[in-house]
Amino acid sequence: MKIVNITKRIAGVLFVSALSVACSDDALDKVNKDNDHPKEVEGKYILAEVLTSTAFHNIGGDLNTYLSTYIEHEAGVHNQLYRSEIRSGEPVTASTFNNVWVSLYTELRNARMVIERCNEGGAQEGNLVTRGIAEVLAAYNSALITDLFGDAPWSEAALVNADGNPKNMNPKVDKQEDIFKGIFDYLDAAIEDLKGTDVSAIGNFDFLYKGDKAKWTKFAYGLKARYTLRLLHKASNPSAEYTKILDYVSKSFTTASEQAAFNVYGATNFNPLFDFQWSRDGLGASESLSDKLIERNDPRLRRVFVDADWAQVEGDDVDNFFMVPNGTPQELQYYYNTSIFVYSQLASTMYMSYHELLFIKAEVFARQGQTSQAEKALKEAVIAAIANTELSVAAAFDAPEVNRYGGLEETTAPIDGDEASDYFDTEVKPLFDANAIQEIAVQKYLAFYGASGESVEAYNDVRRWKALGENPIVLANTKKFPLRCGYGNSDTSTNPAVREAFGDGQYVYSENVWWAGGTR
């Protein structure tokens, strides 16, 4: 029988409160009537909101939380995440992803608004760097929309009139292929604009790079590499695409210090994974994920799990090793082990990591038959990924909210660069030699497990590999695998085109998105 220290867990949850404000009719009448300040908000202020909301809601929010259970980075053990784990209702209801659906279109609208204002004749004409940043963010949110939902409103959506009202109340549903053309157009335009200057510099309102246009350019090229790899199944000439990808990689990040990592988190601004678990306690530690670590004698096994009494789990041979059986858990809180990352209050959310870029490089080299280059890139990727894991582990031990209630008990030593290098040489390299693509895929999957919001990209990879006829990530849950996310009910209830596309929602189990071999 497990004895669980529930007191400090519940005390922490109760400490987090919501602020509610009541307004009189007279006060509401005055909303949006400000005669003392400018009516036109500068693009840099809008982009500060876009950067924050994209990181917290769109990368690290509901998509990452649900998809982490689909690909077994995590397991659902309570409420909606439990229902997601056992595939009961949640994946096929239009309410499941409605919050993030609305947020994605809100931030796409805001990014497009900044682009419009910085265009010739706009209120902030001449702010080319600001426009370039907005174009990258428009591309990013567009990709999240179509990667997860497939065909979707896009060309007529997220556009506003001068009075702030939508231009189209019922925008048409665009084909995924056309949306991706628009994504690459945005990135190409951004790369050109980022060669220019700003009249009014964005500065500290840029929470990623403080207006450093060289780093934004590297990020744009990294995204071109990501999305070109994404479309590999649709490529008529894969060899030509490999050449493009390696060129984009060569123009992107060269160190982890250049990666697109959002971190404006602290005592009151929480990492989104932490924020979810701290208030909901809906996730437990995935057994199939731990099995993959055990199979490789992976040193991360001793670092990334915590028991219900907040003690670090030292390995699979100790009494407090108690993982969630994927697909068949009991619906119980404070019972199973959890990943340590659900306590990583201060961990960064990754728009795109340096280790992702290295894994892309390794995969392309391997597909070209350049084995030595692939091995070198993979080793660099694994070492960088483990370093990021350790940063998130440290963020859990340093979490202010957790430490208010006694904190986690650290029972193992951190993994340093030498140990990570030895792990690659002794455990990873033999598997790479046996099947390069498979081991690159597994190591990328393990790297994306954590507090950085990278489960969305891992989910995209799982579907992409399957489209290529590969299945390197073996999942333990035998229930139906969701092939996509369902449209949000804010549009299925109002837009006839989206309502028709959604139907009864069962298509999420039967229809791949276009780039994964489907038709929509």
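Here is how the numbers come out for the structure above:
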item	result
Order of 54, 478 - criterion: other Cβ atoms within 10 Å of each residue's Cβ, fewest first	478, 54
5 angstrom amide H check on residue 156, placed H, neighbours 5+ away	172
Neighbour-count order for 474, 324, fewest beta carbons within 10 angstrom listed first	474, 324
Within straight-line cross-link reach of residue 234, lysines at Cα separation under 20 Å, skipping those fewer than 8 residues along the same chain	175, 181, 224, 244, 361, 466
Residue-averaged 222 nm ellipticity for the chain, from DSSP H runs of 4+ at -39500 (n - 2.57), nearest 500	-14500 deg cm²/dmol
Mean projected area in nm² (Cα convex hull; one quarter of hull surface) for the range 210-288	8.8 nm²
Length-normalised contact order for the chain - Cα pairs under 8 Å, 6+ apart - percent	21 percent
Only Lys, Arg (+1) and Asp, Glu (-1) charged, at Cβ; the chain dipole about Cα centre in debye	960 debye
Dipole axis of the chain (+1 Lys, Arg; -1 Asp, Glu on Cβ), positive-most option in 383, 420, 327	327
Karplus (6.51, -1.76, 1.60) ³J(HN,Hα), θ = phi - 60°, over the range 217-230, in Hz, Gly and Pro reported as x	5, 4, 5, 4, 5, x, 5, 4, 5, 4, 6, 5, 5, 4
Principal axis dimensions, largest first and in whole angstrom, of the range 333-450 by Cα	53, 29, 27
Distance (nanometres) between label positions extended 7 Å along Cα→Cβ at residue 181 and residue 476	4.5 nm
Span per principal axis, largest first, for the Cα atoms of the range 75-139 (Å)	53, 20, 14
Positive-end extreme of charge dipole, the chain - chosen from 277, 336, 81 (charges on Cβ)	81
Ranked packing of 228-239, 169-180, 146-157, most packed first, by mean Cβ within 10 Å	146-157, 169-180, 228-239
5 angstrom amide H check on residue 311, placed H, neighbours 5+ away	409
Size of electric dipole in the range 94-226: Cβ of Lys, Arg +1 and of Asp, Glu -1, about Cα centre, debye, nearest 20	320 debye
Per residue convex hull volume, Cα atoms of the range 254-390, in Å³	133 Å³
Dipole in debye (nearest 20) - the range 217-364, about Cα centre, beta carbon charges: Lys, Arg +1; Asp, Glu -1	1080 debye
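Bear in mind that the values in this text are calculations on the coordinates, not laboratory data. Since the structure is predicted, the reported quantities are computational estimates derived from the model, not experimental observations. Don't worry about glycine lacking a Cβ; one is built from the backbone with ideal geometry, like all the others, and counts go over all protein chains shown.
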